[in-house]
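Before any comments, here is the structure.
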Amino acid sequence: MTVFTKEMLVCDIVDSHPGAKDVLLEFGLPCFRCVVAYTETLAEGVQPHDLDADLIIERLNSLPGKGNKKS
């Protein structure tokens with residue numbers, strides 16, 4: 001099971017759980033649609049948006065069945 005961290009690439013977060021995209025959108029982060037999702041960590045991606053990466057990680061880690069990949 002994946003434990004989300006702010007050091008993870010945005011693309012890896014999205015690939016780790018089917019609900020991750022929705023969490024990012026809750027915080028106003030459509031980053032998974034951006035090319036930087038493959039090169040930036042969540043911590044790096046939230047900086048221009050002045051968001052708290054720890055709050056996002058807390059929400060991601062509270063997802064039911066976190067870490068389950070889509071089949």
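Within segment 22-36, the residues that satisfy the criterion of being touching a helix residue (DSSP H, G or I) at 6+ places or on another chain (Cβ under 8 Å), modelled with pLDDT of 95 or more and part of a helix (DSSP H, G or I) are 23, 24, 26. The numbered conditions (1) modelled with pLDDT under 95; (2) touching a strand residue (DSSP E or B) at 6+ places or on another chain (Cβ under 8 Å); (3) not acidic (Asp, Glu) are all true for residue 67 except (2).
Of 58, 40, which residue is in contact with a strand residue (DSSP E or B) (Cβ under 9 Å, 6 or more places away or on another chain) and among the acidic types (Asp, Glu)? Break it down stepwise before answering.
Values: 58 fails: in contact with a strand residue (DSSP E or B) (Cβ under 9 Å, 6 or more places away or on another chain).
Just one listed residue meets the conditions, 40.
Restricting the search to segment 37-54, which residues are farther than 10 Å from residue 6 by Cα and part of a helix (DSSP H, G or I)? Selection gives 37, 38, 47, 48, 49. When 9, 51, 42 are checked against the criterion of being more than 9 Å from the chain's Cα centre (by Cα), surrounded by 15 or more Cβ atoms within 10 Å (Cβ to Cβ), farther than 15 Å from residue 63 by Cα and without any contact (Cβ under 8 Å) to a residue 60 or more places away in the chain, a single residue qualifies: 51.
Find the residue count for segment 20-31, including only residues that are crowded, with 19+ Cβ neighbours inside 10 Å and either out of contact with any Cys (no Cβ under 8 Å at 6 or more places or on another chain) or without any contact (Cβ under 8 Å) to a residue 24 or more places away in the chain (or both). Summing the residues that are crowded, with 19+ Cβ neighbours inside 10 Å and either out of contact with any Cys (no Cβ under 8 Å at 6 or more places or on another chain) or without any contact (Cβ under 8 Å) to a residue 24 or more places away in the chain (or both) in segment 20-31 gives 4.
Does residue 7 satisfy the condition of being in a helix (DSSP H, G or I) and of a type in the set (D, E, K, R)? When the stated conditions are applied, residue 7 does not pass them.
The values are calculated or read from the model by the stated rules, or taken from the named source; none is laboratory data. Everything numeric in this text was worked out from a predicted model, so none of it was measured. Cβ: placed from backbone, ideal geometry, glycine included. Neighbour counts: every protein chain shown.
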